[in-house]
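Reviewing the structure listed below.
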């Protein structure tokens, strides 16, 4: 049995120490700790990396603190359109959904796309029909209602503006969620889930459900989950870029992650971060913003939950 590792994130952005109340900061840390512990316990019981990331992201989706699942932001139409993706590093199989509504845990639906369909990516009405074929229960809009999210939307409603959660320089709720894991068999997996941008229009899709941009896993290199300004992560094919640097240049996960986040991404004015693991259980948590909700726990006794820069 080799080293195994669990890493999670809850979004990256303008998380400035002192702008958040101690009580709210503790709520975030408690939510991250719960998800991290659940994912790690799965690995400790010889569960798969795939099950571990599914478990962790599901818990984060159930929390109203994060912009995924229950805490998803409002679109320009006052609805909630959610995206998610999951990838198995053992065989590079993947599943993704986009523009789904009423789905309590989009990451579970993404995994069903991978496991129960012949496709990788289902969107909009088609994804909803697939969910219906599997007898998914749809939650009512009230389940996704959050007063803070509603006020975010009201501030820019009926305008051409849109807003990333992490762009707000005040106390607030942040972020896309994600998890990566390496299990005791040396298999990796990545999962990412998001509600996208407040006041988004025209069926906008970010990087989270796009394999290679916001989510990627391959045992030969790494498993990556990203968070940040989606358009730039799409243009930079960020998750796969880390893998490519490892594969073609022979860089370590840490070296490749640093180059992508602090050099390549910044060159196209992209802000955000990523988490990663490789097949030996090494981890990375890189971001070029003021902070990133993040946590890790490994079989080598490394464990931490952090929000701000060091």
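Table for the structure above
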quantity: Matching residues in the stretch 75-93 - criterion: being farther than 15 Å from residue 177 by Cα, surrounded by 24 or more Cβ atoms within 10 Å (Cβ to Cβ) and touching a helix residue (DSSP H, G or I) at 6+ places or on another chain (Cβ under 6 Å); calculated: 80, 88
quantity: Residue under evaluation residue 69, criteria (1) in contact (Cβ under 8 Å) with a residue 24 or more places away in the chain; (2) at positive phi; (3) surrounded by fewer than 23 Cβ atoms within 10 Å (Cβ to Cβ), criterion not met; calculated: (3)
quantity: Top-ranked residue in the stretch 5-23 [being crowded, with 18+ Cβ neighbours inside 10 Å and farther than 17 Å from residue 295 by Cα; ranked as modelled with the lowest pLDDT]; calculated: 14
quantity: Conditions (1) free of Cβ contacts under 8 Å to residues at least 40 places away in the same chain; (2) closer than 15 Å to residue 51 by Cα; number of the one not met by residue 85; calculated: (1)
quantity: Residue within the stretch 44-66 that is surrounded by fewer than 23 Cβ atoms within 10 Å (Cβ to Cβ), in a loop (DSSP other than H, G, I, E, B) and in contact with a strand residue (DSSP E or B) (Cβ under 8 Å, 6 or more places away or on another chain) present; calculated: yes
quantity: Restricting the stretch 41-66 to residues that are out of contact with any helix residue (DSSP H, G or I) (no Cβ under 7 Å at 6 or more places or on another chain) and free of Cβ contacts under 8 Å to residues at least 40 places away in the same chain, the residue that is nearest to residue 223 (Cα to Cα); calculated: 41
quantity: Which listed residue, of 304, 254, 310, is in contact with a strand residue (DSSP E or B) (Cβ under 9 Å, 6 or more places away or on another chain) and without any contact (Cβ under 8 Å) to a residue 12 or more places away in the chain; calculated: 304
quantity: Matching option when the condition is farther than 24 Å from residue 189 by Cα and surrounded by fewer than 23 Cβ atoms within 10 Å (Cβ to Cβ), among 2, 26; calculated: 26
quantity: Candidate set: the stretch 275-292, residues that are in contact with a helix residue (DSSP H, G or I) (Cβ under 6 Å, 6 or more places away or on another chain) and more than 18 Å from residue 247 (Cα to Cα); chosen: the one surrounded by the most Cβ atoms within 10 Å (Cβ to Cβ); calculated: 286
quantity: The stretch 95-132: number of residues that are in contact (Cβ under 8 Å) with a residue 40 or more places away in the chain, in a strand (DSSP E or B) and surrounded by 24 or more Cβ atoms within 10 Å (Cβ to Cβ); calculated: 3
quantity: Test: residue in the stretch 272-285 that is under 18 Å from the mean Cα position of the chain (by Cα), at pLDDT 95 or above and part of a loop (DSSP other than H, G, I, E, B); calculated: yes
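The values are calculated or read from the model by the stated rules, or taken from the named source; none is laboratory data. Here the structure is a predicted model, which means the values were calculated and not measured. For neighbour counting, all protein chains shown are included, and Cβ atoms are generated from backbone atoms with ideal geometry for every residue, glycine included.
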